[in-house]
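One structure is given here, and the rest of the page talks about it.
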Amino acid sequence: MISFRNVCKSFGPKRVLTDVSFDIADGEVFFIIGASGVGKSVLIKQLVGLLRPDAGDILLDGDEVSRFDEEAMYAVRKKCAMVFQHSTLFDSLTCLENVALPLRKHRGLGPREALVAARERLSQVHMQEFGDRYPAELGDGMKKRVAIARALTLDPRYVLFDEPTTSLDLVSARRVDKLIRELADRLGVTCIVVSHDLNSIFGIATRIAMLYKGQVRLLGTPADFRGTTDEIIQQFIQGRAQGPMET
Amino acid sequence: MSKMFSPIIAAREGLFSLAGTLGKMGIIAHQIGRRLFRLDFDHEEFWRNMYKMGVKSLPIVALTALFTGATMVVQAAPIVQRYGAQQLLGWGAGFGILREVGPVLTALMISGRVGANNTAELGTMTVTEQIDALRALAIDPIAFLIVPRFVAIVLTLFLSTLYADAVALIGAAYAGQALVGVDPSTFYNGLTSGYMGIADVTNGLIKSIIFGIAMGLASCHFGLAVSGGAPGVGRAVNATVVASAAGIFVVDYFVSFILG
Amino acid sequence: MSVDANVETTSALPSEGGLAASVGRAVFEAIDSASQIYGVLVRTLYYVARARIDRDAVIRQMYEIGNRSVFLLSVVIGFIGMIFVLQAGLQMQRVIPDLTMLGASFLELLVRDLAPSIVALMLATRVGAGIAAEIGSMVVTEQVDALRMCGADPVDYLVKPRFLASLIMTTMLTLWSGAVSVGSGMVTAEVIFQVSPRTFWNLHLVHASDLATGLTKCIAYGAAIPIVSSHCGLSTFGGSEGVGSATTRAVVQSSLAVIVLNFIISSAAFIAFK
């Protein structure tokens, strides 16, 4: 259970989030959508303490994580993993070493055992034959799969995806969607996805929150979004250039 | 705000930013110190960096030392010939190499090869969010990345100085033979005669450790403080080499003065 | 003469092998890059002699190289003056208790070696890194290719102004730095060893040959630094990480060039003026 309560965040004079509140239930595939630069990534980075809210509370399983210091945050991050927008694999490490790193650090495995376990993890995302490659040698879709494998190594209960399908070709994008849906359905992992990819949104979302001008414009199921009469939301989900939406 | 260039305003701003940078370096030093004290750092990353920084710098350090040692003799040669002081050549060159030229030039080369490279790497990791990715994996970036690199930089500089001292003395001895006609054995006698003491060696090595600490802090600080994409990385690299170079000479004076 | 900008690294040697192989590879790479650097130098000189010189570009580079290095150089060279006088004084006290020649030897060494070499080492760091980073980012963002498409040789357009500016400013900065370090050395001698400025300012040991050596060094360093770092910048490949590695390569190679040139010129001067 994750709750955002009246979260505010500014960067200098720019007010990004003015007052955001909503709850995410366990086992959901919850989408946070909105135009570029509206603060979607900022919102989820606050959940794992990569950024701090200026005001408001963020609760994770009843803990006020927005009040935690960096050391206390490490426990949160172990159960709440994150897949970055650009995959952000460590480019000095091979794919296998990337996946092995959290195992080595947190599971107390030796370097060799960690590599064996990491190979197992990579095969789950069908990347086992690329384990010895460096990230720079791989395409975006492959990097994304390694990044997902790395995020899942510690068996987190929550996984945050920051624009997982942006910059992927359509086939890779649908594969990532399928993987996210399976995570929720088979393992009961709560997935929070930041996206503006309409195919993903209406393909796999359980519920959706749309951010607009620093606030939640609408919270509901995909059906709610299709049926709304709100012109701004209709413009966004139909991808029209003309309309009332301000950039 | 006035767009006119005013030296007073420039000096004030320069002073403020210098104080800010030194303060942030102090914070990093404290964070590094705490983890070092608990021996909380990644050993694999340490050895990887030790190889990349230390072993791979050996050729450039050797080449620098060889030519520097030889140049020292060339500079001392007119004095040797003026006074016919053949037996003093080893002392003069050895003293200069061990106390000043060895540690300083090695530090300058290591700053260019290792310090700058380290800033570029950390800077790239910062702008591509790899530091945040570490934090998101519940891995402490200071313990995992910074402490191993800092320790590797300090050790690399110390060991390189030791090595450079030896190579520079050899270079000096043979340059002395070729250019001034001083036999290498006379050179080594001059080196070990009463004028030189163990203090001359330790003095230079103590300096190299302090240079290493200053360089490591500057390099890690500017790498982590990068903002603004690839051009930001370039600016950070430039800031590191400039800060290290100025730092080396300023520290050198005070250490020389204190150690006498 | 070939005027196409063929400065990409062309070494296609195997990357595996034993110690001998790696030493051999290093030697080949060194020869390879030395010949490329020589090529850049020749082409720069060709354009200096044959093509129109863009005064504004040269002046802009003089500002970049000169004015923006003055502060760093003043700090560094000021401390060098203090360090040298301190160390030399302490040593002279051990051997000959008479310090009247302290200033004379300091000035001799300053003119012949210290001022030009230290200035050049600092410029190799600051200016070398700057030039490589600037040209390197132009290479990776394909601006250099755009230049070639306009029929402008990057060497003429990018390297020549930096080369001329560096020649002038290295000499200027050396003069300025010499003055600063004489000042700081004089104060140190007075405060620590009670050598009066009048005794310190002793030009007996500074000969015309020393002056000639110092000036030769200025010109050689001033030419080498922009050429070596421009070559590093022009041979950048592979995105923003490439720019980073080109920058560090420029710092290392131009510092090394200064050190090697120092040895060559010093020994040549020693043999010539014996």
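The values are calculated or read from the model by the stated rules, or taken from the named source; none is laboratory data. If you're wondering where the values come from, they're calculated on a predicted model, not measured in any experiment. Here Cβ is always computed from backbone atoms with ideal geometry, including for glycine, and neighbour counts include all displayed protein chains.
Restricting segment B:97-135 to residues that are of a type in the set (Gly, Ala, Ser) and facing chain C (nearest Cβ under 8 Å), the residue that is farthest from residue B:61 (Cα to Cα) is B:123. Summed over segment C:194-223, residues that are within 14 Å of chain B (Cβ to nearest Cβ), at pLDDT 85 or above and in contact with a Ser or Thr (Cβ under 9 Å, 6 or more places away or on another chain) total 4. Of the strands (runs of 3 or more DSSP E) lying entirely inside segment A:1-94, those carrying at least 3 residues that are over 16 Å from residue A:216 (Cα atoms) and under 19 Å from the mean Cα position of the chain (by Cα) are A:80-83. Annotation: residue A:209 fulfils all but one of (1) buried (at least 17 other Cβ atoms within 10 Å of the Cβ); (2) in a helix (DSSP H, G or I); the unmet one is (2). When A:20, A:38 are checked against the criterion of being among the β-branched types (Val, Ile, Thr), at pLDDT below 90 and under 22 Å from residue A:224 (Cβ atoms), A:38 stands alone in meeting it. When restricted to residues that are of a type in the set (Val, Ile, Thr), touching a Gly at 6+ places or on another chain (Cβ under 9 Å) and over 19 Å from residue C:218 (Cβ atoms), segment C:102-143 contains 3. Looking across B:85, B:70, one residue alone is modelled with pLDDT under 90 and among the small types (Gly, Ala, Ser). It is B:85. On the given criteria, is residue B:80 more than 21 Å from residue B:242 (Cβ to Cβ), of a type in the set (A, V, I, L, M, F, W, C) and touching a residue at least 40 places away in the same chain (Cβ under 8 Å)? Judged against the criteria, residue B:80 is a match. For segment A:204-216, the criterion of a residue being farther than 24 Å from residue A:5 by Cα and not β-branched (Val, Ile, Thr) is satisfied by no position.
For every residue, the table says whether it meets (1) touching a residue at least 60 places away in the same chain (Cβ under 8 Å); (2) over 16 Å from the mean Cα position of the chain (by Cα).
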residue: A:114; (1), (2): no, yes
residue: A:124; (1), (2): no, yes
residue: A:161; (1), (2): yes, no
residue: A:165; (1), (2): no, no
residue: A:190; (1), (2): yes, no
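Cβ-Cβ contacts under 7 Å between residues 6 or more apart (or on different chains), taken from a first residue in segment C:100-116 that is facing chain B (nearest Cβ under 8 Å) to a second residue that is β-branched (Val, Ile, Thr) and not in a loop (DSSP other than H, G, I, E, B), are listed as C:112/C:213. Taken over segment B:10-40, the criterion of being of a type in the set (Val, Ile, Thr) and closer than 12 Å to residue B:150 by Cα is satisfied by B:28, B:32. Just one of the numbered conditions (1) within 30 Å of residue A:109 (Cα to Cα); (2) of a type in the set (A, V, I, L, M, F, W, C); (3) buried (at least 21 other Cβ atoms within 10 Å of the Cβ) is not true of residue A:29: (1). In segment A:159-187, of all residues being modelled with pLDDT of 90 or more and of a type in the set (Gly, Ala, Ser), the one that is nearest to residue A:85 (Cα to Cα) corresponds to A:173. Just one residue in the set A:136, A:117, A:149, A:100 is under 28 Å from residue B:41 (Cβ atoms), of a type in the set (Gly, Ala, Ser) and at pLDDT below 90; that residue is A:136. For segment B:20-46, a residue qualifies if it is surrounded by 13 or more Cβ atoms within 10 Å (Cβ to Cβ), touching a Pro at 6+ places or on another chain (Cβ under 9 Å) and in a helix (DSSP H, G or I), and the qualifying residues are B:44, B:45, B:46.
Of C:255, C:266, C:245, all but one fail to be facing chain B (nearest Cβ under 8 Å) and either surrounded by fewer than 19 Cβ atoms within 10 Å (Cβ to Cβ) or within 22 Å of residue C:107 (Cβ to Cβ) (or both); the exception is C:266. Determine, yes or no, whether residue B:138 is more than 11 Å from chain C (Cβ to nearest Cβ) and either outside any helix (DSSP H, G or I) or closer than 21 Å to residue B:50 by Cβ (or both). So residue B:138 fits the description; yes.
Of the residues making up segment A:228-247, those that are surrounded by 10 or more Cβ atoms within 10 Å (Cβ to Cβ), of a type outside the set (Val, Ile, Thr) and part of a loop (DSSP other than H, G, I, E, B) are A:230, A:240, A:243, A:245. Candidates A:109, A:89, A:103: the one that is free of Cβ contacts under 8 Å to residues at least 40 places away in the same chain, crowded, with 16+ Cβ neighbours inside 10 Å and either touching a Ser or Thr at 6+ places or on another chain (Cβ under 9 Å) or on the phi < 0 side of the Ramachandran plot (or both) is A:109.
Taking the condition of being more than 9 Å from every other protein chain (Cβ to nearest Cβ) and either closer than 12 Å to residue A:150 by Cα or within 21 Å of the chain's Cα centre (by Cα) (or both), how many residues in segment A:98-112 meet it? Residues flagged as more than 9 Å from every other protein chain (Cβ to nearest Cβ) and either closer than 12 Å to residue A:150 by Cα or within 21 Å of the chain's Cα centre (by Cα) (or both) within segment A:98-112 amount to 4.
When each of C:125, C:100, C:141 is tested for being polar (S, T, N, Q), under 22 Å from the mean Cα position of the chain (by Cα) and at pLDDT below 90, the lone residue that passes is C:125. Out of everything in segment C:144-166 that is surrounded by fewer than 18 Cβ atoms within 10 Å (Cβ to Cβ) and assigned to a helix (DSSP H, G or I), what residue ends up being nearest to the chain's Cα centre (by Cα)? The qualifying residue nearest to the chain's Cα centre (by Cα) is C:157.
Looking at this structure, is residue A:118 free of Cβ contacts under 8 Å to residues at least 24 places away in the same chain and surrounded by 20 or more Cβ atoms within 10 Å (Cβ to Cβ)? When the stated conditions are applied, residue A:118 does not pass them.
State whether the residues of segment B:157-178 include one that is surrounded by fewer than 20 Cβ atoms within 10 Å (Cβ to Cβ), β-branched (Val, Ile, Thr) and in contact with a Leu (Cβ under 9 Å, 6 or more places away or on another chain). Scanning segment B:157-178, I find at least one residue that is surrounded by fewer than 20 Cβ atoms within 10 Å (Cβ to Cβ), β-branched (Val, Ile, Thr) and in contact with a Leu (Cβ under 9 Å, 6 or more places away or on another chain), so the answer is yes.
With respect to (1) surrounded by 13 or more Cβ atoms within 10 Å (Cβ to Cβ); (2) more than 29 Å from residue B:148 (Cβ to Cβ), the lone exception for residue B:7 is condition (1).
Restricting attention to segment C:62-98, the residues being of a type in the set (Phe, Trp, Tyr) and either buried (at least 21 other Cβ atoms within 10 Å of the Cβ) or under 14 Å from residue C:121 (Cα atoms) (or both) number 2.
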